[in-house]
Amino acid sequence: MQWYEIRGGHRLDGTVSVHGAKNSVLPILCATLLNSGVSVIHNCPRLSDVEASVAILRHLGCQVDWEGDTVCVDATVVQRSDVPEHLMREMRSSVIFLGAILARTGEAVVSMPGGCELGPRPIDLHLAALERLGAEVAVQGGNLLCRGGRSLRGTEISLSLPSVGATENALLCACGAEGTTILQNAAREPEIVDLVRFLRSLGADIRGEGTSTLRIEGNHPLHSGEHTVIGDRIVAATYLSAAASAGGEVYLTGVDPEQLTTVTALLRDAGAEVRREPGAVWMRCEGLPHSVGPVRTSPYPGFPTDAQPVLMAALCRSRGTTMIVETMFENRYRHVDELRRMGADILVVNRVALITGVERLHGAPVEAHDLRGGGALAVAALGAEGVTQLSGLHHIRRGYASLPEDLRALGAEIRWRQGETTEGA
Ligand code: EPZ
């Protein structure tokens with residue numbers, strides 16, 4: 001067993017550079033299949049989810065090489081069009097490979113992505129979009145079979161909700177369709193904008209990124225390209241929440257503060273001082289945060305669901321009561337029981353969580369049950385008295401490339417431990 005041992009009570013103070021955005025890199029790696037040449041992607045974090053995508057690209061026949069935090073994908077030769085179950089199980093969001101494989105090879109076979117720790121993760125919008133473009137989709141023996149990639153036609157697609165994944169699948173598939181595709185009610189996340197900018201570096205003709213309507217001129221011959229991935233706004237939200245939880249003053253570089261405004265606005269309401277500058281954000285938080293007004297998660301530019309767990313953790317020690325409404329996922333409160341083990345006072349009824357601030361949290365053995373829940377437990381541990389043993393590191397490593405190193409750079413006492421159990425550690 002392995003765990004992080006975190007001794008709380010240290011103010012955080014210092015500068016950290018935020019690594020590249022996981023949720024940009026994943027669709028961008030899929031998009032490299034659309035270019036029968038070389039794609040060079042800088043600022044790629046070494047995350048298990050990124051390694052899972054690299055494994056799929058290699059399985060398909062691509063040559064993929066790392067040089068530091070640069071990934072070089074040579075997709076000149078793509079010999080396969082299937083993503084086998086063991087690779088799909090690594091990461092359910094690999095379903096976004098569907099559109100790119102279909103556009104590149106004319107067909108695609110992926111094993112049905114299961115749900116995940118956050119609850120069922122339907123893909124009906126993904127499949128409906130691919131069918132609108134002319135693909136034939138069938139489910140057989142637990143696999144999704146898609147054909148018709150050679151006769152895709154541009155069309156009008158309207159998503160019933162601004163799904164990030166469905167937007168990405170539709171966008172990549174439309175790049176391989178003959179003619180113009182208009183994608184309505186598209187997701188507006190910064191990671192979608194980043195994906196479009198990467199595709200444009202390959203010569204794709206796409207307009208409207210960051211708005212609800214994307215216009216894609218398909219079947220443009222694409223060429224080799226190069227791109228630098230944006231900073232990870234959720235990792236940045238995690239570190240800002242850590243400073244709110246433990247108190248202190250942090251300066252984060254490598255992230256666009258304009259992509260964090262709903263998070264920094266809430267932290268300012270909680271009593272923090274926040275300053276934004278191009279490519280960086282500074283925050284100071286002294287004493288207990290105040291409770292904040294009702295927080296509802298919603299699609300960008302609303303408050304991001306991925307930041308909900310870490311903000312909740314920062315508000316466990318606060319003055320007053322905060323209500324959080326998780327509108328995006330059914331089961332995104334699995335960190336609550338673990339926070340309660342540290343003394344948090346949280347009531348959950350369906351998708352509503354009421355956090356009644358306490359003066360003190362105490363360290364305890366806790367377990368991460370999903371990626372951002374793991375980030376939340378680290379945030380709470382930094383503001384707790386005593387030692388916390390945080391296990392479930394495989395979840396954390398999906399989205400944090402250097403959590404212990406970055407927190408230590410800010411003055412936290414955190415180290416990786418290994419042994420039989422965390423008891424008595
Ligand atoms: C992306 O997931 C992110 N993952 C998630 O981050 C993030 O929480 C989510 O967007 C929302 O911002 C990646 O980018 C890899 P959605 P995605 O499709 O694309 C429903 C992380 O670990 N829906 O925007 O799966 C769905 O059930 C993850 O970084 C359908 O009903 O999210 C959810 O309620 C956690 N049918 C809502 O839409 C569909 O076909 C939003 O999901 C697709 C989605």
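Remarks
- Matching residues, segment 142-161, being surrounded by fewer than 17 Cβ atoms within 10 Å (Cβ to Cβ) and within 30 Å of residue 304 (Cβ to Cβ): 156, 158, 160, 161
- Test set (1) open to solvent by 50 Å² or more (accessible area, probe 1.4 Å); (2) touching a residue at least 40 places away in the same chain (Cβ under 8 Å); (3) of a type outside the set (D, E, K, R); (4) more than 9 Å from the ligand (Cβ to nearest atom) - residue 112 fails condition number: (2)
- Tally, over segment 319-332, of residues that are within 22 Å of residue 360 (Cα to Cα) and crowded, with 23+ Cβ neighbours inside 10 Å: 2
- For residue 199, the conditions (1) modelled with pLDDT of 95 or more; (2) within 15 Å of the ligand (Cβ to nearest atom); (3) open to solvent by less than 10 Å² (accessible area, probe 1.4 Å) all hold with the exception of (2).
- Answer from 245, 241 - the residue that is more than 21 Å from the chain's Cα centre (by Cα), outside the structural domain of residue 159 (by TED's automatic domain parsing) and surrounded by 22 or more Cβ atoms within 10 Å (Cβ to Cβ): 245
- Filtering 319, 332, 341 for residues that are closer than 27 Å to residue 121 by Cβ and of a type in the set (Lys, Arg) leaves a single hit, 332.
- Of all the criteria given as (1) at positive phi; (2) within 14 Å of the ligand (Cβ to nearest atom), the one not satisfied by residue 148 is (2).
- Which listed residue, of 164, 139, is open to solvent by 10 Å² or more (accessible area, probe 1.4 Å), within 13 Å of the ligand (Cβ to nearest atom) and assigned by TED's automatic domain parsing to the domain that holds residue 223: 164
- The residues on offer are 41, 6, and the sole one that is within 18 Å of the chain's Cα centre (by Cα) and part of a strand (DSSP E or B) is 41.
- Looking only at segment 71-93, and only at residues there that are outside any helix (DSSP H, G or I) and hydroxyl-bearing (Ser, Thr, Tyr), the one that is surrounded by the most Cβ atoms within 10 Å (Cβ to Cβ): 81
- When segment 203-217 is limited to residues that are closer than 15 Å to residue 173 by Cα and in contact with a strand residue (DSSP E or B) (Cβ under 6 Å, 6 or more places away or on another chain), the one that is most open to solvent (accessible area, probe 1.4 Å) turns out to be 215.
- Lone qualifier among 182, 216, 230, 206 - being modelled with pLDDT of 95 or more, within 22 Å of the chain's Cα centre (by Cα) and not hydroxyl-bearing (Ser, Thr, Tyr): 230
- Only one of 71, 25, 50, 40 that is over 22 Å from residue 87 (Cβ atoms) and at pLDDT 95 or above: 40
The values are calculated or read from the model by the stated rules, or taken from the named source; none is laboratory data. Quick caveat: nothing in here was measured; it's all calculated off a predicted structure. Glycine also receives a Cβ, built like all others from the backbone with ideal geometry; neighbour counts cover every protein chain displayed. Only protein heavy atoms, including side chains, enter the accessible area calculation; ligands, DNA and RNA are left aside. Shrake-Rupley method; radii C 1.70, N 1.55, O 1.52, S 1.80 Å.
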